[in-house]
Amino acid sequence: MRNLSKVTALAVLMSFSGAVFTAPALAAPDYAKIEERKKVKTRVMGERVGKKVIKAFELYNEEKLDEAIAMLKELEPSDDFDKATVNRYLGSMYAQKEQYKVAIKYLELAVAPDILNFADHEQSLKTLGDMLAGTEQYEKAKKAYVAWMDFTGQEDATVYTRIAQANHQLGKFKDVFEPADKAIKLQKEPNKGPYQLKLGSYFELKDYKNMVKVGEEIVRVWPDDKKAWVGLGKYYLQTEDYKTGLSTMEVAFNNGYFETEVDYKVLSNFYSLNAIPFKAAKVLEDAINEKKVKRTKQNISAVASNYHRSQEIEKAAKYYEEAAKFDDDAEFYRKAGSLLLQSQNYSAAVVRLNKALELGSDKKGTIYTDLAEAYYYQEKYKQAYAAIVKAMDDPRTRKFAKGWSTYIKDKAARNGVKI
């Protein structure tokens, strides 16, 4: 800042704006009083104080910020205006040093007597609000922002957004909407900030229908926003509008908007919820093969389940077995064996079913019944009979197994096999 003029340096200092979060409270400005204050003649500091302030800013321009602060702190103005002005400069300089708590103290002293020139008081109130919010003093920040609106009579989209942000930070979600809507109305160029605050607040309030409405509005305002489309698709899950959710996610998918594996899984889920299990399986299978979705047991089993529902028996069996291998899952081996039996791959079915038994499946009756059938169609009647006898040990399959045992025994006898 060595080349800045004193005036420019002052402007830079007093335009400081930190991270901002603010809270709502509607202002009630007295416009007549505001106009009177604007007409008041601009005051200047006394000569003695003014000379030292100029020297302090010379140090500031030489990047000697600590020396400039020390010189200002030595001053003991007797005049209230001079005192408020010096406090204002100290507040701004401490803000430059990122010592915000000290800066806040001096800015509060500067605005308290309400004696600064109009522009200086207005900027000080706004900066104070910014720093209070930036240091998470949201309730005090509200007061500063409301004081700024009352003092200036202005409505500003950024300030209303900061008010909405503060309320969100304070967990006052119902108080977010009014300032956020005001911010949206006042925006010269669309900004997502207030929309996102409304989305987050509706989510916290579990008001998913209104959350969807905000998501739809975001897509209308920013039709090329990838995340907006994907986000909106996910919001429809909350309202159980699966048909619209599927259409939205298909638009996002077809336009290449997916960025995370969750996106692919949500699309797959929508296909499943809309009773289109083949596409549910295929979109997830492709994403896994393209390494856009991790090859985990959960994801593989989802592919298997949806292929199963769509009667793609061999594919389902393949993926059930793959899922089983992650941690020796007896139930998935059983499902793979059962499906291989359906597809008449009897010898393969026997291997998977026996694996399920080996791993301690609690569905022994069902497995032995399937094994009996697999052996029977391979004309291995002794093994079939032995399996069906074991199925009789399970109360859930006993009655069925008894009937089958007689049938198997008779069939074996007709084929010259003694059991």
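When the test is whether a residue is closer than 29 Å to Thr248 by Cα, touching a residue at least 60 places away in the same chain (Cβ under 8 Å) and either surrounded by fewer than 23 Cβ atoms within 10 Å (Cβ to Cβ) or in contact with a Gly (Cβ under 8 Å, 6 or more places away or on another chain) (or both), Glu139 does not pass it.
Counting only residues that are surrounded by fewer than 18 Cβ atoms within 10 Å (Cβ to Cβ) and under 27 Å from the mean Cα position of the chain (by Cα), the range 144-169 holds 2 of them.
Kindly check whether there is at least one residue in the range 217-233 that is among the small types (Gly, Ala, Ser), part of a helix (DSSP H, G or I), over 24 Å from Asp156 (Cα atoms) and more than 19 Å from the chain's Cα centre (by Cα). Step through it out loud before you land on a result.
Applying the first criterion (among the small types (Gly, Ala, Ser)) to the range 217-233 yields 228, 231, 233.
After this cut, where a residue has to be part of a helix (DSSP H, G or I) as well, the list is 228, 231, 233.
Subset that is over 24 Å from Asp156 (Cα atoms): 228, 231, 233.
With the extra rule that they be more than 19 Å from the chain's Cα centre (by Cα), the set shrinks to none.
No, the range 217-233 contains no residue that is among the small types (Gly, Ala, Ser), part of a helix (DSSP H, G or I), over 24 Å from Asp156 (Cα atoms) and more than 19 Å from the chain's Cα centre (by Cα).
Residues of the range 276-313 being under 26 Å from the mean Cα position of the chain (by Cα) and basic (Lys, Arg), which ones? Lys291, Lys292, Lys294, Arg295, Lys297, listed by residue number. Read through the list (1) touching a residue at least 24 places away in the same chain (Cβ under 8 Å); (2) surrounded by fewer than 23 Cβ atoms within 10 Å (Cβ to Cβ), then give the number of the only condition that Met131 fails. Going through (1) touching a residue at least 24 places away in the same chain (Cβ under 8 Å); (2) surrounded by fewer than 23 Cβ atoms within 10 Å (Cβ to Cβ) one by one, Met131 breaks only (2).
Whenever a residue of the range 179-202 is under 13 Å from Val221 (Cβ atoms) and of a type in the set (A, V, I, L, M, F, W, C), its partners that are assigned to a helix (DSSP H, G or I) and modelled with pLDDT under 95, lying with C-beta atoms within less than 8 angstrom and at least six residues away or across chains, give the pairs Ile184/Ala157.
When the residues of the range 73-108 are narrowed to those that are of a type in the set (Gly, Ala, Ser) and under 37 Å from the mean Cα position of the chain (by Cα), which ends up surrounded by the most Cβ atoms within 10 Å (Cβ to Cβ)? Across the range 73-108, the extreme among qualifying residues is Gly91. With respect to the conditions (1) on the phi > 0 side of the Ramachandran plot; (2) at pLDDT below 95, Glu240 lacks only one, and its number is (2). Looking only at residues of the range 293-304 that are part of a helix (DSSP H, G or I) and in contact (Cβ under 8 Å) with a residue 24 or more places away in the chain, we find that the one that is surrounded by the fewest Cβ atoms within 10 Å (Cβ to Cβ) is Lys297.
Scanning the range 243-292 for residues that are aromatic (Phe, Trp, Tyr) and outside any helix (DSSP H, G or I), we see that the one that is surrounded by the fewest Cβ atoms within 10 Å (Cβ to Cβ) is Tyr257.
Being assigned to a loop (DSSP other than H, G, I, E, B) and modelled with pLDDT of 90 or more, is that true of even one residue in the range 20-38? Don't jump to the end; show me each part of the working.
Narrowing the range 20-38 to residues assigned to a loop (DSSP other than H, G, I, E, B): 20-30.
In the following step, the residues that additionally are modelled with pLDDT of 90 or more were identified as none.
No.
The values are calculated or read from the model by the stated rules, or taken from the named source; none is laboratory data. Just so it is clear, the structure is predicted and the values come from calculations on it, not from any experiment. In this analysis, Cβ positions are derived from the backbone assuming ideal geometry, glycine residues included, and neighbour counts consider all displayed protein chains.
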